[in-house]
Amino acid sequence: RLEEFSPRMLNCFSGVAKDIAGKVSGAIGKIQFQDIIRQRAENVKLEHEALVSLFGQFSDYIDGRKAFDDSFNLSTAEMFEKYVMEDQRRIHFDLTTSTGEKRVAPEENREPKIELF
């Protein structure tokens, strides 16, 4: 009698195992997606703080009627290095490149700095 039920039990176990594997895989995918969103939100927060600092520095230059020095350019270069999305780099590059020039950004082809676990 056990031999009669064995194939059906194996099919049942196999179906349940596939269902569980699909649910676990879906849960891991959702967790990874949430982690990516968290990383991007953290980067947005950090870049917002950097922009506030940069605008403060810009305001100091204007108030003091000083000429821009290399620290201002260094700040914008550091911002560029911290971008994780290609769109961020492209927008930054487009804004900092004059319309008459065509430069190639060496960082443009870099992979995003998003960690998956």
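Tabulated values for the structure
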read-out: Any chance I36 is in a helix (DSSP H, G or I), surrounded by 10 or more Cβ atoms within 10 Å (Cβ to Cβ), among the hydrophobic types (A, V, I, L, M, F, W, C) and in contact (Cβ under 8 Å) with a residue 60 or more places away in the chain; value: yes
read-out: Boolean, F58 is surrounded by fewer than 12 Cβ atoms within 10 Å (Cβ to Cβ), modelled with pLDDT of 70 or more and part of a helix (DSSP H, G or I); value: no
read-out: Some residue of the range 82-89 being modelled with pLDDT under 80 and over 27 Å from the mean Cα position of the chain (by Cα); value: no
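The values are calculated or read from the model by the stated rules, or taken from the named source; none is laboratory data. This is a predicted model, so every value here is computed, not measured. Don't worry about glycine lacking a Cβ; one is built from the backbone with ideal geometry, like all the others, and counts go over all protein chains shown.
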